[in-house]
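The values are calculated or read from the model by the stated rules, or taken from the named source; none is laboratory data. What you see is a predicted model, and the numbers here were worked out from it, not measured in a lab. Heads up, the Cβs are rebuilt from the backbone with ideal geometry, glycines too, and the neighbour counts pull from every protein chain shown. All accessible areas refer to the heavy atoms of the entire protein, side chains included, with ligands and DNA or RNA removed. Shrake-Rupley method; radii C 1.70, N 1.55, O 1.52, S 1.80 Å.
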Amino acid sequence: MTLTTFDEELCRKIEPNVSTTQERFEVLKQLRDAGIPTVVWLCPILPFINDTKENIDGILDYCIEAKVYGVLCFGMGLTLREGNREYFYRQLDRQFSHLKEKYMQTYGESYGIESPNSQKLMKVFHETCEQNGIVHENNRIFAYLNTFEEKHRDRQMSLFE
């Protein structure tokens, strides 16, 4: 499950027509209570919008309370493919008009958009996960997730034997 921002108002703005972070958090707690392990994907982190320590702390507090198994994070930023970039800039113009020009000057046509706070936020991310027993190494999380696929595949194979 993705978590993008701790701020509900900002969530509604940058992720309209989807479940809010609070709603997703409630689902994570229900899954926890049912004994179902969960993984959160921390993304996207939008420079100058949700790339704050307060946001990362808030999301990780939710993860700690929900007892998630792991949190995937590929850095503090986002990727903008051709076509996506134009859409993203149009949305910036609509929702955060004061930021479009800043993005264009800072990132232009870049594919990888990294927050200026990336190093600091990644340190907070790793330290908080480590202190709370949350797996935060992407390769370990994917290896864990693949065990479910293998069990499912093994069960399918036994049906045909």
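Note down the net charge around Gln30, summing +1 for each Lys or Arg and -1 for each Asp or Glu among other residues with Cβ under 13 Å from its Cβ.
In short, 0.
For every other residue with a beta carbon closer than 12 angstrom to the beta carbon of His126, add +1 if it is Lys or Arg and -1 if Asp or Glu, then tell me the sum.
Taking every other residue near His126 into account, the sum is -1.
Send over a whole-number figure in Å² for the accessible area per residue of segment 66-120, probe 1.4 Å.
Heavy-atom accessible area per residue stands at 62 Å².
Pull up all non-local amide H partners of Trp41: gap of 5 or more, or a different chain, and H-to-H distance under 5 Å with H placed in the peptide plane.
Counting only residues 5 or more places away or on other chains, the set is Thr2, Leu3, Leu72.
Let me check I've understood the local charge: for Ser19, count other residues with C-beta under 12 angstrom from its C-beta, Lys and Arg +1, Asp and Glu -1. What total comes out?
Around Ser19, the surrounding residues sum to -2.
Considering only protein heavy atoms and a 1.4 Å probe, what is the carbon-and-sulfur percentage of the accessible area of the chain?
Carbon and sulfur atoms account for 51 percent of the accessible area of the chain.
Between Thr20 and Glu109, take the C-beta separation as r, use R0 = 30 Å, and let me know the FRET efficiency to the nearest 0.05.
Efficiency for this residue pair is about 0.40.
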